């Protein structure tokens, strides 16, 4: 499933290359955020941009998320296409007003007269940094009308969805999973062929990365990679597990989800965001509303506590390939038990 | 800097007063069903701002925004229609705290202090494209205690943004008196960032104009932001319907007395300077007629189409419902 060959790049390099290409293509694209210019981003996703595009288009900001996220919105409304980096998504708490009340609502509140075409990139997911630096919070954004939420699962989508995000006329939250940023693309369970320049990937169109039958695992971001590993393990046990990548939480490919669900005996939704009131519930509601009693058996596997620091505690609650496989196994055996003899 | 034309200021302030009164009356008739914040008593600030603004400048205002919109030259009928819940400036979706105009470039926000970061971004976008253009971030005294404003001052100073932070200090954040909520002097709030501050009597258009002058000059010449604090008094409650029991009667009577009311005070001054009373009466009558005309025109603007309530969330309709484009 990995077509990257001997490519030694990681996800953050791909993000930087994509930003580079877009800044080259469109002079209205600017990049701003903490440590994005001199350092090139704490994950390296804005590396070497300032060298090419200078201080005017690549701006290190003070640690003032409200001010610089708000400024990105104001600049977008005035005609630029800012790509603003929120270093860790957990810092959402210090700028949520600008995102929730200004960014998301400008178009609606102006009756369509004013747009805020910007991308807010943010690193998400657990890398052993405990409760305030490991969250995903995708559903917190997705809950707010007016925001689009892209959550790439693979190197190819890091490029392709980012292109779409920058060119989109709506504000887009672009969630970059830290494992995807840090892992060499050739070492991932799944990677596209990256030899050709990236094409824009349309929002709102899920993809099936693996055919199943017994159970279909629906996920986003790095959980898709883990689900593929889990599916591999399940196959050795004789369980055919499919994997579906939703790609964008908003717009959500509801038709596609219903189609996938209709073809599956069981559907497991996996998320490293919190379980309650989140993507799992949204996917399951979509399927249940459309298929009613014809829906497959449904289950979710996601976080229900803050993320702990200690490794064993962390592993006990953050989904892994093993925990996803176990959840899928449990769902399949429960489904089998339901089938009348 | 030329002096402000006080006779013209009087005519305009009379229009502003009548405008806000008309909006207040529309709350009573039920044409406005929601919250409404009026700027009666704060007209001198808006009229001085009007004298300072160029049509290409931008203003980002607050939850009490009408007079700033008029000052920038926003279409008064579209504005009034939006306030009256018709398909006005924002198609009926924004309402009085969320007014947006592209040309001239005006916007406002109902979140206290949130206008400052937006103004910084607007200024950032314009500073290279159109040097000499100014973005005004309007704030109330209450918003000066918001982190967003401090962060924005730092950013504006660092990046020498052409921003004028204009604080309308009407003495109260809803019911909380300034001295209960605010330490130090508001005009000094920019000092740690190296931003000059100017305090002025916000009931006197000439004083406000004089304070705005160096701030606009500094911004237009690329030297960065300024803070201007204009002290005034809101004549109405925080919102229409506010019982307003928190302000002492004596205080209200004093601020709203003829010698201190910005409009009657200016009238008295013009009379003393020899402007004929008939001329001032004519200005009053003209203001009345002008606002009545706007009101009539605004009332003929259709109501928003309920079938389009889900439009304008995204560029393409249905994005949230999962409908493919």
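A short reminder: the numbers here are calculations on the coordinates, not readings from a lab. Note that the coordinates shown come from a computational prediction; the quantities given were computed from them, not determined experimentally. Here Cβ is always computed from backbone atoms with ideal geometry, including for glycine, and neighbour counts include all displayed protein chains.
Structure above, values below:
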item: Within region A:212-227: backbone nitrogen closer than 15 Å to the residue A:334 label point (7 Å, Cα to C-beta); result: A:215-218
item: Prolate/oblate/rounded label for region A:207-335 (Cα gyration tensor, a/c 1.5); result: oblate
item: 15 Å reach of a label modelled at residue A:39, 7 Å along Cα-to-Cβ, counting backbone N of region A:89-112; result: A:89-91
item: GNM top mover of A:223, A:109, A:100 - chain A, alpha-carbon springs below 10 Å; result: A:109
item: Neighbouring partner chain Cβ atoms per residue of A:76-86, average, 10 Å criterion; result: 4
item: Chain A: most fluctuating residue of A:316, A:75, A:220 per GNM, C-alpha cutoff 10 Å; result: A:316
item: Pairwise label distance in nanometres, residue B:299 with residue A:235, each label 7 Å out on the Cα-Cβ vector; result: 7.4
item: Relative exposure of B:260, A:51, A:300, judged by other C-beta atoms within 10 Å (fewest first); result: A:51, B:260, A:300
item: Spatial separation of Cα centroids for region A:59-131 and region A:236-295, in angstrom; result: 29
item: Which of B:312, B:284 has the fewest Cβ neighbours within 10 Å, and the rest in rising order; result: B:284, B:312
item: Mean residue ellipticity (222 nm) of chain A, computed from DSSP H runs ≥ 4 via -39,500 (n - 2.57), nearest 500; result: -11000 deg cm²/dmol
item: Order by protection proxy (mean Cβ within 10 Å, highest first), peptides A:273-285, B:33-45, A:153-165; result: A:153-165, B:33-45, A:273-285
item: With Cα atoms, 0 to 90° folded angle of helix A:11-25 axis to chain A main axis; result: 50
item: Region A:11-187: relative contact order in percent, alpha carbon pairs under 8 Å with at least 6 residues between; result: 23
item: Peptide ranges A:288-294, B:137-143 listed from the most packed, as the mean C-beta count within 10 angstrom indicates; result: B:137-143, A:288-294
item: Residue B:188 paired with residue B:307, simple spin-label distance in nm, labels 7 Å along Cα-to-beta-carbon; result: 6.2
item: Distance between region A:11-44 and region B:72-114 - C-alpha centres, whole angstrom; result: 35
item: Cα-projected label distance for residue A:169 with residue B:160, points at 7 Å along beta-carbon direction, nm; result: 3.6
item: Mean separation of Cα contacts under 8 Å (6+ apart) over length of chain A, as relative contact order %; result: 16
item: Between helix A:279-291 and chain A: long-axis angle, C-alpha atoms, 0 to 90°, nearest 10; result: 60
item: Three-way shape label, region B:131-279, alpha-carbon gyration tensor, a/c 1.5; result: oblate
item: Peptide A:111-118 - average C-beta neighbours from other chains (10 Å radius); result: 6
item: Chain B, helix-only ellipticity at 222 nm - DSSP H runs n ≥ 4, -39,500 (n - 2.57), divided by all residues, nearest 500; result: -13000 deg cm²/dmol
item: Under 20 Å from the residue B:8 label point (7 Å along Cα→beta-carbon), backbone N, region B:223-264; result: B:263
item: Förster radius 45 Å - calculated FRET efficiency between residue A:63 and residue A:285, Cβ distance, rounded to 0.05; result: 0.70
item: Distribution of pairwise C-alpha distances over the protein assembly as shown, 10 Å bins, in %; result: 3, 15, 23, 21, 16, 11, 7, 3, 1, 0, 0
item: Global form of region A:124-202, assessed from the alpha-carbon gyration tensor, a/c cut-off 1.5; result: oblate
item: Degrees separating the helix A:222-236 axis from the principal Cα axis of chain A, which is the longest one; result: 20
item: Order of A:191, B:120 under a 10 Å beta carbon neighbour criterion, fewest first; result: A:191, B:120
item: At R0 = 56 Å, FRET efficiency that the Cβ-Cβ distance of residue A:193 and residue B:56 yields, to 0.05; result: 0.70
